[in-house]
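Single-structure report; data block below.
The values are calculated or read from the model by the stated rules, or taken from the named source; none is laboratory data. This is a predicted model, so every value here is computed, not measured. Cβ atoms come from the backbone with ideal geometry, glycine included; neighbour counts cover every protein chain shown.
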């Protein structure tokens, strides 16, 4: 036998996924090909054996050990950072310093032109690219940048494709889906940025066109210093 | 119905309801443990993974998007944690005691527990990403679509991996006379 089409029919039959015409096609195949019959029987026995394995009961103490490991208070929404008493004091001190700075700036003399000192340090708001993946000449071309700014990690997509590209982003159990990238006429051009609040440093990106995977990449950010 | 129940429990958890959290643990400890056990074939490791999985669920419950199935989310975490645990094992671990010592000849039929053991051993000899689709399909009884949601793969890739895994398992188990 066995071209991939016939194999797929056999597997699909086992999974109960065949429609009428496909069932007829499989029947014809099985009649004409003894090897296909053998394979089908082997796979049916295999799948029956797999299904028969069933579930294993977890250790009796598992539930309690999980509950013991969980913190006593469940996390709802995280309280705003500024509501913590320590942060309130920090905010007060920051306010005093800011007021002092304004007074100093007002009273202080002339400064060198901005160009004299510009470029020595990036501002905190400037996104810094920490990893980049270039996509070749396949169905999707362009690049993806993983960047870090004050808000955390984010992805910047610059994609070009013949049809809209959907992107699945995954990290540490979190997922995000961005649809319709890579179209030249999109508002704002082909560049799209997506913030990844709370995502881990390793980010898996899967590219889909018409529901089919056309590529994948993993981007990694170094540890915060 | 099940999804609504999960969604309700998650909502209650987010509001600080400890009893709802305990119900989620009760409901999912067994499938999560089994996913890990089938991937790792080590009860202690599976228990650790189950515990870590629930900790992560707890930590990120505030970020969980209720428009997705809860079980897809928790199974994905369990699989990722299991793969991490596999990755941290020594390279040769799991390959010791090659079946040559204990494998019966092709003419000997294994039955019952022996077949189960042969399947478990064969599962451990295929790639973890192939093992994961077999586990989701045959042990968790999930649809291709749900599997794709959990593994973040298109259905076509899920099918391709499942078919490849079955072929490999079939070849190995036939060799051992186990099916």
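Structure notes:
- The one condition in (1) at pLDDT 80 or above; (2) over 24 Å from residue B:51 (Cα atoms) that residue B:135 fails to fulfil: (2)
- Unmet requirement for residue B:164, which otherwise passes all of (1) closer than 25 Å to residue A:171 by Cβ; (2) surrounded by fewer than 21 Cβ atoms within 10 Å (Cβ to Cβ); (3) more than 14 Å from the chain's Cα centre (by Cα): (1)
Okay, residues lined up against (1) surrounded by fewer than 16 Cβ atoms within 10 Å (Cβ to Cβ); (2) under 19 Å from residue A:61 (Cβ atoms); (3) not assigned by TED's automatic domain parsing to the domain that holds residue B:121:
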site	(1), (2), (3)
B:12	no, no, yes
B:15	yes, no, yes
B:22	no, yes, yes
B:27	no, yes, yes
B:37	no, yes, yes
B:44	yes, yes, yes
B:50	no, yes, yes
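- Region B:135-156: number of residues that are facing chain A (nearest Cβ under 10 Å), surrounded by fewer than 18 Cβ atoms within 10 Å (Cβ to Cβ) and in a helix (DSSP H, G or I): 2
- Selection status of residue A:222, at pLDDT 80 or above, surrounded by fewer than 16 Cβ atoms within 10 Å (Cβ to Cβ), over 26 Å from residue B:158 (Cα atoms) and more than 13 Å from chain B (Cβ to nearest Cβ): yes
- Lone unmet requirement of (1) modelled with pLDDT of 95 or more; (2) at positive phi for residue B:41: (1)
- Output for region B:46-79, where each listed residue is more than 15 Å from residue B:21 (Cα to Cα), in contact with a helix residue (DSSP H, G or I) (Cβ under 7 Å, 6 or more places away or on another chain) and within 7 Å of chain A (Cβ to nearest Cβ): B:47, B:76, B:77
- When each of A:154, A:200 is tested for being modelled with pLDDT of 85 or more and in a loop (DSSP other than H, G, I, E, B), the lone residue that passes is A:200.
- Here region A:48-67 is the region considered, the condition is being part of a helix (DSSP H, G or I) and more than 7 Å from chain B (Cβ to nearest Cβ), and the residue that is nearest to residue B:165 (Cα to Cα) is A:48.
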